[in-house]
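Have a look at the structure below before the remarks.
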Amino acid sequence: MAAEDVDAVVIGMGPGGEDAAGRLAAAGLDVVAVEERLVGGECPYYACIPTKMMVRAAESLAEARRVPALAGSSQVRPDYTEVADRIRDEATSGWDDGPAVKRFESTGGKLIRGRGRITGPGEVTVSLTGGGQRVLRARRAIVLNPGTEPAVPPIDGLADTPYWTNRDAVQAREAPESVLVLGAGPVGLEFAQVFARFGSAVTVAEAGERILASGEPEASRSLEGVLRGEGIDVRTGTGLSRVSHDGSVFHAELDSGAQLRVQRLLVATGRRTDLAGLGVGAVGLDERARTIPVDERLRAADGVWAIGDVTGHGAFTHTSVYQAPIAAADILGQDGSPADYRAVPAVTFTDPEVATVGRTESAAAEQGVRVRTASTEIPSSPRGWIHKEGNEGLIKLVADADRGVLVGATVVAPYGGEVVGALAVAVHAEVPVASLRRMIYGYPTFHRAISAALEELEV
(Lines give C-alpha, C1' and ligand atoms only; values in the text may rest on other atoms or scores of the structure.)
Protein backbone atom coordinates (compact mmCIF):
# COMPACT_ATOMS: atom_id res chain seq x y z
CA MET A 1 0.00 0.00 0.00
CA ALA A 2 1.44 3.34 -1.04
CA ALA A 3 1.95 5.84 1.75
CA GLU A 4 0.51 9.34 1.54
CA ASP A 5 2.96 12.08 2.47
CA VAL A 6 1.64 14.82 4.79
CA ASP A 7 3.24 17.28 7.20
CA ALA A 8 1.50 16.17 10.38
CA VAL A 9 -0.81 13.44 11.60
CA VAL A 10 -2.90 13.99 14.73
CA ILE A 11 -4.30 10.82 16.27
CA GLY A 12 -7.28 11.66 18.44
CA MET A 13 -9.44 14.74 18.15
CA GLY A 14 -10.35 15.51 21.72
CA PRO A 15 -10.19 19.18 22.75
CA GLY A 16 -6.39 19.23 22.74
CA GLY A 17 -6.01 17.30 19.50
CA GLU A 18 -8.57 19.49 17.78
CA ASP A 19 -6.78 22.61 18.98
CA ALA A 20 -3.32 21.42 17.95
CA ALA A 21 -4.50 20.14 14.56
CA GLY A 22 -6.29 23.41 13.86
CA ARG A 23 -3.25 25.48 14.79
CA LEU A 24 -0.94 23.44 12.56
CA ALA A 25 -3.36 23.55 9.63
CA ALA A 26 -3.94 27.29 10.03
CA ALA A 27 -0.16 27.76 9.92
CA GLY A 28 -0.13 26.21 6.45
CA LEU A 29 0.86 22.63 7.22
CA ASP A 30 -0.76 19.70 5.45
CA VAL A 31 -2.54 18.14 8.43
CA VAL A 32 -4.53 14.93 8.62
CA ALA A 33 -6.48 14.16 11.78
CA VAL A 34 -7.57 10.63 12.64
CA GLU A 35 -10.60 10.05 14.86
CA GLU A 36 -12.58 6.88 15.40
CA ARG A 37 -15.30 8.39 17.54
CA LEU A 38 -16.59 11.97 17.83
CA VAL A 39 -14.52 15.03 16.98
CA GLY A 40 -14.31 17.01 20.19
CA GLY A 41 -13.68 13.97 22.37
CA GLU A 42 -15.29 12.94 25.63
CA CYS A 43 -15.80 16.42 27.07
CA PRO A 44 -18.61 17.89 24.93
CA TYR A 45 -20.53 14.64 24.44
CA TYR A 46 -20.17 12.50 27.57
CA ALA A 47 -18.29 14.41 30.26
CA CYS A 48 -17.70 18.10 31.06
CA ILE A 49 -20.65 19.69 29.30
CA PRO A 50 -23.57 17.26 29.57
CA THR A 51 -22.74 16.12 33.09
CA LYS A 52 -22.62 19.70 34.33
CA MET A 53 -26.08 20.20 32.84
CA MET A 54 -27.13 17.26 34.99
CA VAL A 55 -25.39 18.79 38.01
CA ARG A 56 -27.04 22.17 37.44
CA ALA A 57 -30.49 20.59 37.23
CA ALA A 58 -29.92 18.53 40.38
CA GLU A 59 -28.62 21.61 42.16
CA SER A 60 -31.85 23.46 41.37
CA LEU A 61 -33.83 20.64 42.99
CA ALA A 62 -31.66 20.80 46.09
CA GLU A 63 -32.10 24.56 46.34
CA ALA A 64 -35.86 24.22 46.02
CA ARG A 65 -35.85 21.71 48.87
CA ARG A 66 -33.95 24.21 51.02
CA VAL A 67 -36.71 26.79 50.75
CA PRO A 68 -38.49 25.69 53.98
CA ALA A 69 -35.36 26.47 55.99
CA LEU A 70 -34.86 29.84 54.33
CA ALA A 71 -37.93 31.37 52.74
CA GLY A 72 -41.26 29.61 53.22
CA SER A 73 -42.50 26.39 51.67
CA SER A 74 -41.92 24.45 48.47
CA GLN A 75 -42.94 21.33 46.62
CA VAL A 76 -40.50 19.60 44.27
CA ARG A 77 -41.46 17.13 41.51
CA PRO A 78 -38.35 16.03 39.63
CA ASP A 79 -38.64 15.39 35.90
CA TYR A 80 -35.45 13.99 34.40
CA THR A 81 -36.87 14.30 30.88
CA GLU A 82 -36.03 18.00 30.95
CA VAL A 83 -32.37 17.17 31.60
CA ALA A 84 -32.22 14.44 28.97
CA ASP A 85 -33.76 16.74 26.36
CA ARG A 86 -31.32 19.54 27.14
CA ILE A 87 -28.33 17.21 26.86
CA ARG A 88 -29.56 15.84 23.54
CA ASP A 89 -30.65 19.11 21.99
CA GLU A 90 -28.37 21.78 23.46
CA ALA A 91 -25.15 20.02 24.46
CA THR A 92 -24.61 17.25 21.95
CA SER A 93 -26.99 17.90 19.02
CA GLY A 94 -27.96 14.26 19.28
CA TRP A 95 -24.30 13.23 19.57
CA ASP A 96 -23.58 14.68 16.15
CA ASP A 97 -20.06 16.05 15.64
CA GLY A 98 -20.80 17.62 12.27
CA PRO A 99 -20.25 21.20 13.49
CA ALA A 100 -16.91 20.24 15.06
CA VAL A 101 -15.79 18.55 11.84
CA LYS A 102 -16.67 21.66 9.82
CA ARG A 103 -14.84 23.85 12.33
CA PHE A 104 -11.67 21.81 11.93
CA GLU A 105 -11.89 21.50 8.16
CA SER A 106 -12.31 25.26 7.89
CA THR A 107 -8.70 25.57 9.08
CA GLY A 108 -7.55 23.57 6.06
CA GLY A 109 -7.10 20.25 7.84
CA LYS A 110 -8.45 16.91 6.64
CA LEU A 111 -10.24 14.29 8.76
CA ILE A 112 -10.04 10.53 8.39
CA ARG A 113 -12.53 8.35 10.28
CA GLY A 114 -10.79 5.35 11.75
CA ARG A 115 -8.29 4.07 14.30
CA GLY A 116 -4.73 5.29 13.89
CA ARG A 117 -1.68 3.27 14.88
CA ILE A 118 2.00 4.14 14.63
CA THR A 119 3.59 1.46 12.47
CA GLY A 120 7.07 2.92 12.14
CA PRO A 121 9.03 6.14 12.63
CA GLY A 122 6.95 8.89 11.03
CA GLU A 123 4.33 6.40 9.82
CA VAL A 124 0.68 5.98 10.83
CA THR A 125 -1.60 3.27 9.52
CA VAL A 126 -5.30 3.98 9.77
CA SER A 127 -7.86 1.18 9.99
CA LEU A 128 -10.75 2.96 8.31
CA THR A 129 -14.19 2.93 9.91
CA GLY A 130 -15.75 1.76 6.68
CA GLY A 131 -13.12 -0.91 6.10
CA GLY A 132 -9.68 -0.92 4.54
CA GLN A 133 -6.53 0.96 5.49
CA ARG A 134 -4.59 4.10 4.65
CA VAL A 135 -0.93 4.68 5.39
CA LEU A 136 0.24 8.21 6.20
CA ARG A 137 3.85 9.36 6.32
CA ALA A 138 4.33 12.43 8.53
CA ARG A 139 7.18 14.64 7.38
CA ARG A 140 7.21 16.82 10.52
CA ALA A 141 5.11 15.45 13.34
CA ILE A 142 2.85 12.83 14.78
CA VAL A 143 0.68 14.20 17.60
CA LEU A 144 -0.95 11.73 19.98
CA ASN A 145 -4.15 12.75 21.73
CA PRO A 146 -5.90 9.39 22.20
CA GLY A 147 -7.87 10.33 25.31
CA THR A 148 -9.12 7.56 27.54
CA GLU A 149 -11.80 4.90 27.70
CA PRO A 150 -13.73 3.79 30.79
CA ALA A 151 -11.68 1.18 32.66
CA VAL A 152 -13.91 -1.82 33.38
CA PRO A 153 -12.54 -4.19 36.04
CA PRO A 154 -12.61 -7.98 35.52
CA ILE A 155 -15.44 -8.66 37.96
CA ASP A 156 -17.12 -12.07 37.89
CA GLY A 157 -20.19 -11.85 35.64
CA LEU A 158 -19.88 -8.15 34.82
CA ALA A 159 -19.14 -8.56 31.11
CA ASP A 160 -22.43 -10.41 30.61
CA THR A 161 -24.57 -7.64 32.07
CA PRO A 162 -25.92 -4.36 30.62
CA TYR A 163 -23.85 -2.22 32.97
CA TRP A 164 -23.44 1.50 32.40
CA THR A 165 -20.32 3.57 31.98
CA ASN A 166 -20.45 7.37 32.05
CA ARG A 167 -21.33 7.36 28.35
CA ASP A 168 -24.45 5.29 28.90
CA ALA A 169 -25.51 7.28 31.97
CA VAL A 170 -25.30 10.57 30.07
CA GLN A 171 -27.60 9.20 27.36
CA ALA A 172 -30.22 7.93 29.82
CA ARG A 173 -33.75 9.25 29.30
CA GLU A 174 -34.80 8.79 32.93
CA ALA A 175 -33.25 8.53 36.35
CA PRO A 176 -33.15 4.90 37.52
CA GLU A 177 -35.25 3.72 40.44
CA SER A 178 -32.07 2.41 42.04
CA VAL A 179 -28.42 2.40 41.07
CA LEU A 180 -25.17 0.98 42.38
CA VAL A 181 -22.24 3.25 41.57
CA LEU A 182 -18.96 1.37 41.53
CA GLY A 183 -16.15 3.80 42.31
CA ALA A 184 -16.08 6.97 44.41
CA GLY A 185 -13.94 9.24 42.29
CA PRO A 186 -15.23 12.48 40.74
CA VAL A 187 -17.25 10.76 38.00
CA GLY A 188 -18.96 8.28 40.29
CA LEU A 189 -19.81 10.84 42.96
CA GLU A 190 -21.20 13.42 40.54
CA PHE A 191 -23.56 10.85 39.02
CA ALA A 192 -24.45 9.48 42.46
CA GLN A 193 -25.57 12.85 43.78
CA VAL A 194 -27.40 13.79 40.59
CA PHE A 195 -29.45 10.60 40.50
CA ALA A 196 -30.13 10.73 44.23
CA ARG A 197 -31.53 14.25 43.89
CA PHE A 198 -33.79 13.01 41.10
CA GLY A 199 -35.18 10.33 43.39
CA SER A 200 -32.97 7.31 42.75
CA ALA A 201 -31.97 5.05 45.61
CA VAL A 202 -28.18 5.24 45.32
CA THR A 203 -25.44 3.06 46.75
CA VAL A 204 -21.78 3.89 46.21
CA ALA A 205 -19.22 1.11 46.62
CA GLU A 206 -15.55 2.10 46.83
CA ALA A 207 -12.78 -0.47 47.28
CA GLY A 208 -10.48 2.14 48.81
CA GLU A 209 -10.73 3.37 52.36
CA ARG A 210 -12.24 6.74 51.45
CA ILE A 211 -13.98 8.62 48.67
CA LEU A 212 -11.94 11.00 46.47
CA ALA A 213 -8.88 9.06 47.55
CA SER A 214 -6.37 11.20 45.65
CA GLY A 215 -7.37 14.36 47.51
CA GLU A 216 -7.12 15.59 51.08
CA PRO A 217 -8.68 13.35 53.77
CA GLU A 218 -10.54 16.34 55.19
CA ALA A 219 -12.26 16.85 51.85
CA SER A 220 -13.26 13.20 51.71
CA ARG A 221 -14.81 13.34 55.17
CA SER A 222 -16.64 16.58 54.49
CA LEU A 223 -18.21 15.43 51.22
CA GLU A 224 -19.03 11.96 52.52
CA GLY A 225 -21.02 13.52 55.34
CA VAL A 226 -23.02 15.56 52.84
CA LEU A 227 -23.72 12.58 50.60
CA ARG A 228 -24.85 10.45 53.52
CA GLY A 229 -27.05 13.30 54.70
CA GLU A 230 -28.79 13.24 51.32
CA GLY A 231 -29.57 9.56 51.72
CA ILE A 232 -26.78 8.11 49.59
CA ASP A 233 -25.49 4.80 50.97
CA VAL A 234 -21.70 5.26 50.82
CA ARG A 235 -19.73 2.08 51.44
CA THR A 236 -15.94 2.34 51.50
CA GLY A 237 -13.43 -0.47 51.84
CA THR A 238 -15.56 -2.76 49.71
CA GLY A 239 -15.71 -3.46 46.01
CA LEU A 240 -17.95 -5.60 43.84
CA SER A 241 -17.07 -9.32 43.87
CA ARG A 242 -19.68 -10.70 41.47
CA VAL A 243 -22.77 -9.59 39.62
CA SER A 244 -25.50 -10.96 37.37
CA HIS A 245 -28.53 -9.60 35.56
CA ASP A 246 -31.84 -11.44 35.29
CA GLY A 247 -33.26 -9.33 32.46
CA SER A 248 -34.79 -6.87 34.86
CA VAL A 249 -32.43 -6.07 37.74
CA PHE A 250 -28.81 -6.52 38.76
CA HIS A 251 -27.93 -8.91 41.56
CA ALA A 252 -24.70 -7.66 43.08
CA GLU A 253 -22.53 -9.12 45.81
CA LEU A 254 -20.03 -6.81 47.46
CA ASP A 255 -16.69 -7.88 48.90
CA SER A 256 -18.24 -7.32 52.32
CA GLY A 257 -20.78 -10.04 51.57
CA ALA A 258 -23.69 -7.62 51.21
CA GLN A 259 -26.26 -8.52 48.56
CA LEU A 260 -27.90 -5.77 46.50
CA ARG A 261 -30.70 -5.67 43.92
CA VAL A 262 -30.60 -2.55 41.73
CA GLN A 263 -32.05 -1.41 38.44
CA ARG A 264 -28.76 -0.01 37.15
CA LEU A 265 -25.05 -0.54 37.74
CA LEU A 266 -22.74 2.35 36.89
CA VAL A 267 -19.06 1.43 36.58
CA ALA A 268 -16.91 4.47 37.37
CA THR A 269 -13.62 2.86 38.34
CA GLY A 270 -11.23 4.98 36.32
CA ARG A 271 -10.00 5.44 32.76
CA ARG A 272 -7.43 3.76 30.55
CA THR A 273 -5.55 4.21 27.28
CA ASP A 274 -4.48 1.31 25.06
CA LEU A 275 -0.88 2.26 24.30
CA ALA A 276 -0.23 -1.08 22.62
CA GLY A 277 -3.13 -0.45 20.27
CA LEU A 278 -1.68 3.00 19.59
CA GLY A 279 1.57 1.36 18.46
CA VAL A 280 3.88 3.52 20.55
CA GLY A 281 6.40 0.68 20.72
CA ALA A 282 7.28 1.46 17.10
CA VAL A 283 8.93 4.69 18.28
CA GLY A 284 10.60 3.21 21.34
CA LEU A 285 7.95 3.93 23.97
CA ASP A 286 6.71 1.43 26.56
CA GLU A 287 3.40 -0.03 25.40
CA ARG A 288 2.74 -1.50 28.86
CA ALA A 289 2.86 1.86 30.61
CA ARG A 290 -0.22 3.78 31.75
CA THR A 291 0.97 7.09 30.31
CA ILE A 292 3.47 8.52 27.83
CA PRO A 293 6.33 10.54 29.35
CA VAL A 294 6.79 13.92 27.69
CA ASP A 295 9.23 16.79 28.17
CA GLU A 296 8.30 20.41 28.79
CA ARG A 297 7.55 20.87 25.05
CA LEU A 298 5.33 17.75 24.96
CA ARG A 299 7.90 15.77 22.99
CA ALA A 300 7.48 12.03 23.51
CA ALA A 301 9.93 10.62 20.93
CA ASP A 302 11.71 11.73 17.79
CA GLY A 303 9.01 13.35 15.67
CA VAL A 304 6.26 12.46 18.16
CA TRP A 305 4.39 14.76 20.55
CA ALA A 306 1.69 13.72 23.05
CA ILE A 307 -0.98 15.83 24.74
CA GLY A 308 -3.94 15.28 27.02
CA ASP A 309 -4.85 12.51 29.43
CA VAL A 310 -2.17 10.19 28.09
CA THR A 311 0.64 12.43 29.39
CA GLY A 312 -0.32 11.80 33.02
CA HIS A 313 -0.63 15.47 33.97
CA GLY A 314 -4.32 15.29 34.79
CA ALA A 315 -7.25 13.91 32.83
CA PHE A 316 -8.77 17.34 32.36
CA THR A 317 -9.86 19.26 29.29
CA HIS A 318 -8.06 22.32 30.60
CA THR A 319 -4.75 20.44 30.76
CA SER A 320 -5.14 19.19 27.20
CA VAL A 321 -5.96 22.60 25.73
CA TYR A 322 -3.10 24.10 27.77
CA GLN A 323 -0.67 21.62 26.24
CA ALA A 324 -1.91 21.88 22.66
CA PRO A 325 -0.47 25.31 21.77
CA ILE A 326 2.84 24.42 23.43
CA ALA A 327 3.17 21.31 21.25
CA ALA A 328 2.02 23.16 18.12
CA ALA A 329 4.54 25.96 18.69
CA ASP A 330 7.35 23.43 19.11
CA ILE A 331 6.38 21.63 15.91
CA LEU A 332 6.33 24.96 14.06
CA GLY A 333 9.70 25.94 15.48
CA GLN A 334 8.29 28.87 17.41
CA ASP A 335 9.46 30.15 20.75
CA GLY A 336 7.17 29.83 23.72
CA SER A 337 7.00 29.05 27.41
CA PRO A 338 7.47 25.41 28.44
CA ALA A 339 4.74 23.49 30.24
CA ASP A 340 4.43 24.18 33.95
CA TYR A 341 2.19 21.94 36.05
CA ARG A 342 2.74 23.35 39.54
CA ALA A 343 -0.79 24.77 39.69
CA VAL A 344 -3.10 22.38 37.82
CA PRO A 345 -6.65 22.94 39.11
CA ALA A 346 -9.29 20.23 39.35
CA VAL A 347 -12.94 20.41 40.36
CA THR A 348 -15.37 17.69 41.36
CA PHE A 349 -18.79 19.19 40.65
CA THR A 350 -20.67 17.76 43.56
CA ASP A 351 -22.57 20.04 45.94
CA PRO A 352 -20.49 21.32 47.64
CA GLU A 353 -17.85 21.44 44.92
CA VAL A 354 -14.46 19.98 45.76
CA ALA A 355 -11.71 22.02 44.10
CA THR A 356 -7.98 21.48 44.32
CA VAL A 357 -4.81 23.03 42.99
CA GLY A 358 -1.19 22.00 43.30
CA ARG A 359 -0.07 19.37 45.80
CA THR A 360 -1.81 17.76 48.72
CA GLU A 361 -0.19 17.74 52.15
CA SER A 362 0.98 14.13 51.77
CA ALA A 363 2.28 14.61 48.21
CA ALA A 364 4.25 17.69 49.20
CA ALA A 365 5.78 15.90 52.20
CA GLU A 366 6.74 12.91 50.03
CA GLN A 367 8.59 15.33 47.72
CA GLY A 368 10.69 16.66 50.60
CA VAL A 369 8.79 19.86 51.30
CA ARG A 370 8.78 21.10 54.91
CA VAL A 371 5.04 21.36 55.04
CA ARG A 372 2.82 23.68 57.03
CA THR A 373 -0.96 23.52 56.73
CA ALA A 374 -3.97 25.44 57.95
CA SER A 375 -7.69 25.22 57.37
CA THR A 376 -10.96 26.94 58.10
CA GLU A 377 -14.53 25.67 58.05
CA ILE A 378 -16.90 27.30 55.56
CA PRO A 379 -19.95 27.27 57.90
CA SER A 380 -17.99 29.41 60.38
CA SER A 381 -17.18 32.03 57.73
CA PRO A 382 -19.50 35.05 57.31
CA ARG A 383 -20.75 33.93 53.88
CA GLY A 384 -21.16 30.34 55.06
CA TRP A 385 -23.26 31.51 58.02
CA ILE A 386 -25.39 33.68 55.74
CA HIS A 387 -25.77 30.87 53.20
CA LYS A 388 -27.03 28.52 55.93
CA GLU A 389 -28.51 25.46 54.16
CA GLY A 390 -25.94 23.79 51.89
CA ASN A 391 -22.99 25.65 53.38
CA GLU A 392 -20.81 22.64 54.20
CA GLY A 393 -17.10 22.73 53.42
CA LEU A 394 -13.63 23.92 54.25
CA ILE A 395 -10.52 25.55 52.85
CA LYS A 396 -7.16 23.87 53.43
CA LEU A 397 -3.84 25.48 52.55
CA VAL A 398 -0.55 23.62 52.04
CA ALA A 399 2.60 25.74 52.30
CA ASP A 400 6.33 25.28 51.85
CA ALA A 401 7.65 26.61 55.16
CA ASP A 402 11.15 27.20 53.80
CA ARG A 403 10.07 29.32 50.84
CA GLY A 404 7.01 30.90 52.44
CA VAL A 405 4.67 30.12 49.54
CA LEU A 406 1.63 27.96 48.96
CA VAL A 407 2.20 24.73 47.05
CA GLY A 408 -1.36 23.45 47.21
CA ALA A 409 -4.90 24.11 48.36
CA THR A 410 -8.26 22.41 48.62
CA VAL A 411 -11.65 24.11 48.69
CA VAL A 412 -14.84 22.28 49.63
CA ALA A 413 -17.62 24.82 49.32
CA PRO A 414 -20.53 26.11 47.28
CA TYR A 415 -18.87 27.45 44.11
CA GLY A 416 -15.58 25.93 45.27
CA GLY A 417 -14.38 25.75 41.69
CA GLU A 418 -14.57 29.53 41.49
CA VAL A 419 -13.01 30.09 44.92
CA VAL A 420 -9.97 28.00 44.05
CA GLY A 421 -9.10 30.38 41.20
CA ALA A 422 -7.47 32.84 43.59
CA LEU A 423 -5.45 30.06 45.15
CA ALA A 424 -4.39 28.78 41.73
CA VAL A 425 -2.90 32.19 40.99
CA ALA A 426 -1.10 32.16 44.34
CA VAL A 427 0.38 28.70 43.75
CA HIS A 428 1.32 29.33 40.13
CA ALA A 429 2.91 32.73 40.72
CA GLU A 430 4.47 31.65 44.04
CA VAL A 431 3.00 34.67 45.77
CA PRO A 432 4.52 34.96 49.25
CA VAL A 433 2.15 34.04 52.05
CA ALA A 434 2.99 37.39 53.64
CA SER A 435 1.65 39.15 50.54
CA LEU A 436 -1.50 37.03 50.55
CA ARG A 437 -2.15 38.05 54.14
CA ARG A 438 -1.94 41.72 53.14
CA MET A 439 -4.53 41.37 50.39
CA ILE A 440 -8.06 42.71 50.73
CA TYR A 441 -10.67 39.96 50.41
CA GLY A 442 -14.22 40.95 49.50
CA TYR A 443 -16.79 40.70 52.27
CA PRO A 444 -18.93 38.70 52.65
CA THR A 445 -17.74 36.18 50.06
CA PHE A 446 -16.86 32.50 50.18
CA HIS A 447 -13.32 33.30 49.08
CA ARG A 448 -12.85 35.55 52.09
CA ALA A 449 -12.41 32.35 54.11
CA ILE A 450 -8.97 32.15 52.47
CA SER A 451 -7.85 35.00 54.71
CA ALA A 452 -9.02 33.15 57.82
CA ALA A 453 -7.00 30.09 56.81
CA LEU A 454 -3.95 32.27 56.12
CA GLU A 455 -4.12 33.67 59.64
CA GLU A 456 -3.83 30.12 60.98
CA LEU A 457 -0.90 29.27 58.70
CA GLU A 458 2.41 29.29 60.58
CA VAL A 459 4.63 30.48 57.75
**Prompt:** Restricting attention to segment 259-301, which residues are among the β-branched types (Val, Ile, Thr), outside any strand (DSSP E or B) and closer than 27 Å to Leu212 by Cβ?
**Reply:** Thr269, Thr273, Thr291, Ile292, Val294
**Request:** Within segment 292-314, track down each residue that is surrounded by 24 or more Cβ atoms within 10 Å (Cβ to Cβ) and among the acidic types (Asp, Glu).
**Result:** Asp309
**Asked** Are any of the residues in segment 187-198 of a type in the set (D, E, K, R), assigned by TED's automatic domain parsing to the domain that holds Arg235 and within 20 Å of the chain's Cα centre (by Cα)?
**Response** yes
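Listed here are the residues, each with its yes/no results for (1) assigned to a helix (DSSP H, G or I); (2) touching a residue at least 40 places away in the same chain (Cβ under 8 Å); (3) farther than 20 Å from Ile331 by Cβ.
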| residue | (1), (2), (3) |
| --- | --- |
| Pro50 | yes, yes, yes |
| Ala57 | yes, yes, yes |
| Pro68 | yes, no, yes |
| Asp85 | yes, no, yes |
| Trp95 | no, yes, yes |
| Ala100 | yes, yes, yes |
**Asked** Here are some residues: Arg77, Arg117, Arg137. Which one is basic (Lys, Arg) and part of a loop (DSSP other than H, G, I, E, B)?
**Response** Arg77
**Prompt:** Which ones in segment 332-342 are modelled with pLDDT of 95 or more and touching an Asp or Glu at 6+ places or on another chain (Cβ under 9 Å)?
**Reply:** Pro338, Ala339, Asp340, Arg342
**Matching residues, segment 102-136, being basic (Lys, Arg) and over 13 Å from Val34 (Cα atoms)** = Lys102, Arg103
**Item:** Qualifying position, being in contact (Cβ under 8 Å) with a residue 60 or more places away in the chain, surrounded by 14 or more Cβ atoms within 10 Å (Cβ to Cβ), touching a strand residue (DSSP E or B) at 6+ places or on another chain (Cβ under 6 Å) and not hydrophobic (A, V, I, L, M, F, W, C), among Arg264, Arg242
**Value:** Arg264
**Fill in**
Selection over segment 97-110 where residues are within 19 Å of Gly28 (Cα to Cα) and crowded, with 19+ Cβ neighbours inside 10 Å yields a count of 3
**Asked** Do we find a residue being part of a helix (DSSP H, G or I) and of a type outside the set (Val, Ile, Thr) anywhere in segment 399-415?
**Response** no
**Request:** Would you be able to say whether some residue in segment 416-425 is out of contact with any Asp or Glu (no Cβ under 9 Å at 6 or more places or on another chain), closer than 29 Å to Arg65 by Cβ, free of Cβ contacts under 8 Å to residues at least 60 places away in the same chain and part of a helix (DSSP H, G or I)?
**Result:** no
**Prompt:** Taking only pairs six or more apart or across chains, which ones have beta-carbon atoms under 7 Å, a first residue in segment 432-459 that is under 15 Å from Trp385 (Cα atoms), and a second residue that is exposed (fewer than 15 other Cβ atoms within 10 Å of the Cβ) and at pLDDT 95 or above?
**Reply:** Tyr443/Pro382; Pro444/Pro382; Pro444/Ile386; Arg448/Pro382; Arg448/Gly442
**Request:** Output yes when any residue across segment 62-82 is closer than 21 Å to Val347 by Cα, surrounded by fewer than 20 Cβ atoms within 10 Å (Cβ to Cβ) and outside the structural domain of Ala300 (by TED's automatic domain parsing), and no when none is.
**Result:** yes
**Asked** Restricting attention to segment 142-160, does a residue exist that is touching a residue at least 12 places away in the same chain (Cβ under 8 Å) and assigned to a helix (DSSP H, G or I)?
**Response** yes
**Complete:** Residue hits (segment 130-188; of a type in the set (A, V, I, L, M, F, W, C) and under 11 Å from Leu265 (Cα atoms)) are Leu158, Trp164, Ala169, Val179, Leu180, Val181, Leu182
**Asked** In the set Val425, Val407, Val420, which member is assigned by TED's automatic domain parsing to the domain that holds Gln367, within 22 Å of Phe349 (Cβ to Cβ) and surrounded by 23 or more Cβ atoms within 10 Å (Cβ to Cβ)?
**Response** Val420
**Asked** What helices (runs of 4 or more DSSP H) lie completely within segment 315-389 and have 2 or more residues being surrounded by fewer than 18 Cβ atoms within 10 Å (Cβ to Cβ) and more than 27 Å from the chain's Cα centre (by Cα)?
**Response** 382-387
**Request:** Within segment 12-53, track down each residue that is out of contact with any helix residue (DSSP H, G or I) (no Cβ under 6 Å at 6 or more places or on another chain) and among the basic types (Lys, Arg).
**Result:** Arg37, Lys52
**Request:** Scan segment 177-186 residue by residue and report those that are in a loop (DSSP other than H, G, I, E, B) and either on the phi < 0 side of the Ramachandran plot or not assigned by TED's automatic domain parsing to the domain that holds Gly239 (or both).
**Result:** Glu177, Ala184, Gly185
**Request:** Determine which single condition Gly277 fails, assuming it passes every other condition in (1) touching a residue at least 24 places away in the same chain (Cβ under 8 Å); (2) outside the structural domain of Glu177 (by TED's automatic domain parsing); (3) surrounded by 15 or more Cβ atoms within 10 Å (Cβ to Cβ); (4) not β-branched (Val, Ile, Thr).
**Result:** (3)
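The values are calculated or read from the model by the stated rules, or taken from the named source; none is laboratory data. Being a predicted model, the structure only gives us computed values, none of them experimental. We place every Cβ from the backbone using ideal geometry, glycine too, and count neighbours over all the protein chains shown.
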